[in-house]
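Here is the structure we will look at.
The values are calculated or read from the model by the stated rules, or taken from the named source; none is laboratory data. What you are looking at is a predicted structure, and each value in this text was computed from that prediction instead of being measured. Every residue, glycine among them, receives a Cβ derived from its backbone with ideal geometry; neighbour counts consider all protein chains shown.
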Amino acid sequence: MNAKTFVNLAFGIAVSTAVLYGFWHWCGPFGLVYGMPVLAILAMPTLDLLAAFPGFVGRMALRRYDGRYYAFRGRHVDIDIDARATCWVSTADARKILPSLPAEAVLQRVEPGQVQETGSPRMWRITPDALARVLARSGDAEALKFRLWLETEVQDPARRRRERGMPIR
């Protein structure tokens with residue numbers, strides 16, 4: 001919704017109110033009946049506003065995921081991509097998919113510098129390369145599928161954006 005819509009709405013309400021008051025003043029209750037066509041003509045900005053409302057509410061509800069929504073098999077995975085196009089995967093979300101993922105303290109010892117509390121919102125995250133090395137030790141088929149998804153859907157697009165000089169966000 002932009003300012004033009006609100007100006008049109010305010011103008012429609014002001015003119016409708018003035019016309020209805022004038023008809024009421026001169027013709028009494030029948031004046032309201034005679035003034036209804038004016039309301040119908042000036043109702044278009046109101047209808048435009050009502051039609052735009054669901055899209056506006058949807059954008060407001062989903063703005064925290066703006067450009068950051070990733071899902072693996074229907075499960076949301078919070079991934080933060082920094083200015084150097086380095087992806088940081090939320091360990092909590094990865095653990096929902098792979099319950100056998102070690103705790104953050106263990107990941108920090110196994111992959112120093114690749115696991116840290118970062119991003120927005122601030123939470124424990126791990127780089128996909130480090131996660132791939134940790135998952136390579138696992139023989140789980142789900143871990144292999146997750147690692148492949150992470151590389152094709154998250155890392156490669158971020159890397160291509162960086163190589164082309166496109167903004168990350």
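Could you list all residues from segment 72-97 that are assigned to a loop (DSSP other than H, G, I, E, B) and surrounded by 18 or more Cβ atoms within 10 Å (Cβ to Cβ)?
Thr86
For residues that are part of a helix (DSSP H, G or I) and of a type in the set (Lys, Arg), scanning just segment 47-71, find the one that is modelled with the lowest pLDDT.
Arg64
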